[in-house]
Number of protein chains: 2
Amino acid sequence: MKIGNLARLTGLSVHTIRYYEKIGLLPDASRDAGGRRQYGMEIASWLTFLKHLKATGMGISDMVRYAQLRAEGPHTATARREMLEARQQTVLRQIEDLQATLPVLDQKINFYRDMEKAHVMEAEHATDTSKIPRIRQSGKRP
Amino acid sequence: MKIGNLARLTGLSVHTIRYYEKIGLLPDASRDAGGRRQYGMEIASWLTFLKHLKATGMGISDMVRYAQLRAEGPHTATARREMLEARQQTVLRQIEDLQATLPVLDQKINFYRDMEKAHVMEAEHATDTSKIPRIRQSGKRP
DNA sequence: GCTTGACCTAGAGTGCACTCTAACACTTAG
DNA sequence: CTAAGTGTTAGAGTGCACTCTAGGTCAAGC
């Protein structure tokens, strides 16, 4: 597989794949006769896993560290497991932090709803629409 | 309240507060006789709300837009509510995305656990420790 | 034979959100 | 009176993660 193909497959840009190789996230690719990078499927799954790590908020430098451990062989299994367990914890904390923002947003949204209602009532009063019966909209009219 | 005090109160740096003013996240502060910024408590709660917006992943430019709407007055209530509702949706999506990474991490962690177990067993076999009874550690010994 | 398109390199540029520097002004405690 | 501390400005610098440019090579189809 050539680099453009891998890019299409993974959703990364060709530029990004070369950049990942340069910083050590990908092993130096083998080359064809013309010097072009040749990839196998295992690189696609490695990139997919990297995308998952990225989705956890892991930074490039940690991902490089993980890639180095992986390259060192099976005796780094424990170190890698510990990195992933640490990630688990940060993901859980991130979820908590995001969840904590929801009530804040909710409260403000309701505050604005009240503001809008008051604004409408004020307008109604100002133009004396209080005696004009409100039109009830029920169901959909296309 | 002077800027250093506000910084301590909100956990932001003095630099950041001035930067926020420059880009329009904070109204231009009133100054004392010596030209120093003077703040009231309402700025502290505004900054706290901005921190919540930041925690939702909102970028600076959107926060500036929100601040501008706020400065324009109550007739922008609807626009502001819509911004916050959009935020709600992105927060929910972010939570989902993070939750989706958890099984991936779990799987890999278990994979490494198995790898570690296999590694230990291999080592035991190599050094023929199979007949040496394992020491059971129960409770704590300081 | 020539054009097209995919690939190559080194290195420069981008956008975000700060973060810091230099050089100076003012206030307050000892 | 002076030193420490806090404030001021314009503008430069930082770190991250790409993203793009210039100038080239190479293979395949017409």
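The values are calculated or read from the model by the stated rules, or taken from the named source; none is laboratory data. Because the structure is a prediction, the values reported are computed rather than measured. Glycine also receives a Cβ, built like all others from the backbone with ideal geometry; neighbour counts cover every protein chain displayed. Surface accessibility is based on the protein's heavy atoms, side chains included, excluding ligands, DNA and RNA. Shrake-Rupley method; radii C 1.70, N 1.55, O 1.52, S 1.80 Å.
A:Gly57 label point (Cα plus 7 Å toward Cβ) to equivalent points in the other copies: 1.1 nm, shortest first. Peptides A:43-56, B:18-31 ranked from most to least packed, by the mean per-residue count of other Cβ atoms within 10 Å: A:43-56, B:18-31. A Förster radius of 30 Å, combined with the Cβ-Cβ distance separating A:Ser13 from B:His15, puts the computed FRET efficiency at roughly 0.30. Just need the relative contact order of chain B here, percent rounded to a whole number, with Cα pairs under 8 Å and 6+ apart. Computed value for chain B: 16 percent relative contact order.
For the options A:Glu116, A:Glu96, A:Glu85, a Gaussian network treatment of chain A with springs between C-alpha atoms closer than 10 Å singles out A:Glu116 as fluctuating the most.
I need the calculated FRET efficiency for the pair A:Ala118 and A:Lys54, taking r as the beta carbon distance and R₀ as 45 Å, to the nearest 0.05. Working shown, then result.
Working: r = 45 Å, r/R0 = 1.01.
Once the sixth-power term is evaluated, E becomes 0.50.
Taking a label point 7 Å from Cα toward Cβ, how far is B:Glu42 from its twins in the other copies, in nm, shortest first? Those separations, rounded to one decimal, come out as 6.5 nm. With a Förster radius of 30 Å applied to the C-beta separation of B:Asn110 and B:Glu85, the computed FRET efficiency comes to 0.15. One decimal place: the segment A:Leu92-A:Glu42 gains 15.1 nm when fully extended, by the rule 0.36 nm per residue minus the C-alpha distance.
Per residue, the convex hull spanned by the alpha carbons of segment B:1-55 comes to 73 Å³. Straight-line cross-link partners of A:Lys117 among the aspartates and glutamates, defined as a Cα under 20 Å from its Cα and at least 8 positions apart when in the same chain: A:Asp106, A:Asp128, B:Glu72, B:Glu82, B:Glu85. Measuring nothing but how far apart in sequence close Cα pairs (under 8 Å, 6+ apart) lie, relative to its length, segment B:1-55 scores a relative contact order of 38 percent. The accessible surface of the protein assembly as shown, taken with every protein chain in place and a 1.4 Å probe, is 53 percent carbon and sulfur.
Sorted shortest first, the separations between the B:Tyr19 label point and its copies elsewhere in the assembly read 2.1 nm; each point sits 7 Å from Cα along the Cα-to-Cβ line. Here's how it looks for B:Gln38: its modeled amide H is under 5 Å from those of B:Ser30, B:Arg31, B:Asp32, which are all 5 or more places away or on a different chain. Spatially, segment A:44-63 and segment B:31-109 are offset by 27 Å when compared through their Cα centroids.
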